[in-house]
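The values are calculated or read from the model by the stated rules, or taken from the named source; none is laboratory data. Because the structure is a prediction, the values reported are computed rather than measured. Every residue, glycine as well, gets a Cβ built from its backbone with ideal geometry; the counts of neighbours run over all protein chains shown. Keep in mind that these areas ignore ligands, DNA and RNA; they rest on the heavy atoms of the full protein, side chains included. Shrake-Rupley method; radii C 1.70, N 1.55, O 1.52, S 1.80 Å.
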Amino acid sequence: MSTSPRLATPTPTPPHSTRGQRRSDSRREGASLPWRYLGYVGYYVGAGLISGAVVHHPMAPARYSLIAGSGVLVFLLATVLNDLILATERQPLSRILRVLGTSTMLSFGLGMLSGGMQHFADLPERCAVLIPLGIVLSFVAFFLKEAERPWRRIFSLMGLAILVVTALTFLGLRHLAPTMAASGGGHSHSDAVPEKEGDGGQEGGHDSDTTDPTSQPTSPNAVHPSKEPGHDDGHQH
């Protein structure tokens with residue numbers, strides 16, 4: 001029994017958006033533009049706080065841990081605003097958790113990279129490690145956050161190229177670090193304020209030592225012995 005071939009039914013084309021819908025979309029985008037601006041400001045401010053904190057953390061761990069935590073919080077708030085609140089589609093819980101986790105990784109990766117590049121002349125040994133680590137961490141975190149198949153993107157030719165660049169960067173910076181440390185380039189991150197105060201105190205002590213403690217202010221009415229009445233320097237009587 002032969003069957004007649006089925007005719008392919010054409011898929012219906014979506015209706016074209018009307019002029020009113022285009023106006024509505026334009027208004028919606030215009031209304032969200034200031035919020036997107038705040039989101040991008042949060043990205044850069046958060047990464048900036050983290051970049052300074054990861055570089056200077058050994059100098060004052062409690063202080064810079066607080067700064068790093070503030071930077072992560074600002075970065076995450078910007079991520080929630082841009083990727084979740086302003087998103088056109090409602091995101092599932094798994095997507096929300098992945099965005100928050102990978103955004104934390106991305107913030108630290110960008111902070112290590114930018115902070116290490118900025119302060120390499122000041123702390124070459126530490127920044128020689130932070131810069132390559134920031135490259136790898138930011139690369140992995142970005143594709144885990146954005147790509148549909150992140151592991152295929154990470155373990156690809158691009159991932160291999162990033163790995164080679166990271167290794168060459170690490171070797172090159174480790175080679176330059178002793179030279180930078182010996183030359184003492186960049187601004188000093190040492191605790192210079194107490195030294196200045198100590199120098200000031202010593203200078204003050206020297207000044208007080210050179211001052212004659214027996215010296216007394218001269219009264220304007222005091223008469224010099226040579227100017228006393230009846231006494232002449234020429235010994236004339």
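Mind checking which residues of segment 65-75 are touching a Gly at 6+ places or on another chain (Cβ under 9 Å) and either open to solvent by 30 Å² or more (accessible area, probe 1.4 Å) or under 14 Å from Met112 (Cα atoms) (or both)?
Hits for segment 65-75 are Ile67, Ala68, Ser70, Gly71, Val72, Leu73, Val74.
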Legend entry - Residue count, segment 141-180 (criterion: of a type outside the set (Gly, Ala, Ser) and open to solvent by less than 50 Å² (accessible area, probe 1.4 Å)): 9
Inset, instruction - Scan segment 101-128 for residues that are open to solvent by 40 Å² or more (accessible area, probe 1.4 Å), touching a Ser or Thr at 6+ places or on another chain (Cβ under 7 Å) and either at pLDDT below 90 or among the hydrophobic types (A, V, I, L, M, F, W, C) (or both) and report the count. - result: 2
Inset, instruction - Note down all Cβ pairs under 9 Å where the first residue falls in segment 131-157 and is in contact (Cβ under 8 Å) with a residue 24 or more places away in the chain and polar (S, T, N, Q), the second is open to solvent by 20 Å² or more (accessible area, probe 1.4 Å) and part of a helix (DSSP H, G or I), and they're at least six residues apart or on different chains. - result: Ser138/Met105; Ser138/Leu106; Ser138/Phe108; Ser138/Leu110; Ser138/Met112; Ser138/Leu113
Inset, instruction - Can you work out which of the residues in segment 74-88 that are of a type in the set (A, V, I, L, M) and part of a loop (DSSP other than H, G, I, E, B) is modelled with the highest pLDDT? - result: Leu86
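Quick grid of which residues meet (1) part of a loop (DSSP other than H, G, I, E, B); (2) at pLDDT below 90; (3) aromatic (Phe, Trp, Tyr); (4) farther than 28 Å from Ser114 by Cβ:
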| residue | (1), (2), (3), (4) |
| --- | --- |
| Asp25 | no, yes, no, yes |
| Ser32 | no, yes, no, no |
| Tyr40 | no, no, yes, no |
| Ala47 | no, no, no, no |
| Arg63 | no, no, no, no |
Legend entry - Among (1) out of contact with any helix residue (DSSP H, G or I) (no Cβ under 7 Å at 6 or more places or on another chain); (2) in contact (Cβ under 8 Å) with a residue 24 or more places away in the chain; (3) open to solvent by 50 Å² or more (accessible area, probe 1.4 Å), the one test that Ser94 misses: (2)
Inset, instruction - Check Ala53, Ala78, Ala60 and return the single one that is open to solvent by 20 Å² or more (accessible area, probe 1.4 Å), out of contact with any strand residue (DSSP E or B) (no Cβ under 8 Å at 6 or more places or on another chain) and either more than 16 Å from Gly134 (Cβ to Cβ) or of a type in the set (Gly, Ala, Ser) (or both). - result: Ala60
